[in-house]
Each structure stands twice: as structure tokens, then as C-alpha cells.
1. Quick test of your reading of the structure: G72 fulfils all but one of (1) in a strand (DSSP E or B); (2) surrounded by fewer than 17 Cβ atoms within 10 Å (Cβ to Cβ). Name the failing condition by number.
2. Counting only residues that are part of a strand (DSSP E or B) and of a type in the set (K, R), which one in region 150-186 is surrounded by the most Cβ atoms within 10 Å (Cβ to Cβ)?
3. Given the structure, is Q147 on the phi < 0 side of the Ramachandran plot, in the same structural domain as R232 (by TED's automatic domain parsing) and part of a loop (DSSP other than H, G, I, E, B)?
4. From the list E219, E195, E236, which residue is under 20 Å from L68 (Cβ atoms), at pLDDT 95 or above and not assigned by TED's automatic domain parsing to the domain that holds A89?
5. How many residues, within region 122-146, are loosely packed, with under 14 Cβ neighbours inside 10 Å and hydrophobic (A, V, I, L, M, F, W, C)?
6. Go over the candidates V215, V198 one by one and state the one that is closer than 20 Å to S137 by Cα, in contact (Cβ under 8 Å) with a residue 12 or more places away in the chain and hydrophobic (A, V, I, L, M, F, W, C).
Amino acid sequence: MTSSPSDRIERDDAFDKIEACGNDFVLLAHEPDPKSVAELCDRHHGIGADGIMVLRSVRPELTDLGHLDPDGSHSFCLNGTRAALALLARRGRIAPAGRVRTEGQEFAYRLDPDPILFLPVRDYRPLNWRGGDHLVSGYRVEVGNPQFVILEGMDPNRFRELAPRIRADLAAFPQGTNVTFLRRAEAGWHVQTFERGVETFTKACGTGMYAAALVLFGERGTRRVTFFPEGRGTVEAWLEGDGLAITGSTRHVFSGTWPATEVVAGESQVGEARCG
């Protein structure tokens, strides 16, 4: 007998594929062997994803999630957190409002209908990165993982050339860093990110946009921003009370088992106009 989508994730061999603006994840109900993470994320020989989300526990007062990058390291991931919460909400597993803990961070969420995450406002500081003949002015931000945000002033092709070098500069960033580039759009900001742990450009990076919003709020004096990542959709961030709120759509792509024995089509998309 085929299991239903609501109970499939509880099986040890089950997974759900979820995504936000093309930033995609495999959602598991158990902590994977770190050696298997790269295989699961492999787009040719595995399921294919930018990372693994782990549903550690769901209690009335707190949902606990984990996240692993393809290299097996743990890191804070906003897109994966939002996508996992959205799927849990559709399956009736979490309340319309509550708290979530993930990789050392804990904060409130609300479903409206997409998950809105309520995050602290964090400090940032200017930083000039120099590599050979290249000088790049940006902002260093710590949002649960390290970020370097470049606000305009660079050709996109040059950014794609230099971002991997900036990420790998351990003298400037001892833990490595995500590297995000912002340039003006008609109704917001185009955003590109090279992600540490994934070690390539992803379609969207939630923590990169969190960091970018903090820089824009401080440097441009705005209170609300719209981001257009490289994947489909937009991300909204705004100041609310003494914190920052960020939201967007997510999508359940499909369910299955690994090693593969069955695959079930995904549920309908949540909030197709927005994602994050």
C-alpha cells in the first residue's frame, strides 16, 4: 500500500523535495550520515538539492529544524526553514504562529499564508576586500552565518568572477563567507549570491537577503525592500517593531523514498507570486 503524503516523511527512507525561488532542499525526518549528504544533493546521481533540511522535532511550543550543506557542514538557512515550515503547515503539523529553532538560531514565525519569519536586527560594518589588483567595497554582516554584501558599483560578470575568490579568502573571512551582490531593479533589487558550503551560485539565498536587507535599511534609509533573486519569484523584507520580518513563497516539488522505490507528485504551490 502506498503511504500518504502526510505520513511519508516519518519513514526512515522517505524524503520531500522543497524549494524557494529555486533554492532547493531535501527534507528528511532523521539526521543523515554526513557521508551521504553529497550523494543526496548530487543532481546527476542523487535527488539533487542545494542542501538537506532535517525535521528534528515538532512540539506545540517549538519546531526544531536542522540544515546541512552539500559538504556535510551545518549552517543556518532561511529559505530551507521557510520551505519546511510551509510544508508542515499544509500538512497540519504546526500552528498558525509559533517559534522555530534551527542551527543555533531561534525566532518566531507566523503563517499569512506563507511563513513570515521575525528576526533580530543585527549590526554590519564596511569592509574593503582586496585581491591582487581588485578592490571591492562591501559590508560584513553576521546573521547566524557570515555574509559579505556588495551594494551596486560592480559589473555582474565581474562579481561572478570575484565572488568565489572572496568566499575562499580565509585571511579576510576566517570561516569563509557567503557573497551577495545587489543591483537596482525597477521595483526593488536584483540579488545574486555565491554560497559557502554549496560552493557555487544558488538561485536564491535567504540569509544573503536577510543581510542585504539590513544593509539597505541602514545605508538607504528604507523600511521595506523587495528582492528579485535569480530563481523565480520575489522576497519581501521589512522592519517591524524592533526586528526584521521576511517572507515569500515556497513550493513542495515531490515526495519519494531513497533509495528510490516510489515518487509522488508535489502539492500545489504556496504563494506563487512570492518566494524566499
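1. With respect to (1) in a strand (DSSP E or B); (2) surrounded by fewer than 17 Cβ atoms within 10 Å (Cβ to Cβ), G72 is out only on (1).
2. R183
3. Numbers: on the phi < 0 side of the Ramachandran plot: yes; in the same structural domain as R232 (by TED's automatic domain parsing): yes; part of a loop (DSSP other than H, G, I, E, B): no.
Criteria not met by Q147.
4. On the way: E219 fails: under 20 Å from L68 (Cβ atoms); E236 fails: under 20 Å from L68 (Cβ atoms).
Unique residue meeting the criteria: E195.
5. Qualifying residue count for the region: 1.
6. Details: V198 fails: closer than 20 Å to S137 by Cα.
When all the criteria are applied, what remains is V215.
The values are calculated or read from the model by the stated rules, or taken from the named source; none is laboratory data. None of these values were measured; they are calculated from a predicted model. Don't worry about glycine lacking a Cβ; one is built from the backbone with ideal geometry, like all the others, and counts go over all protein chains shown.
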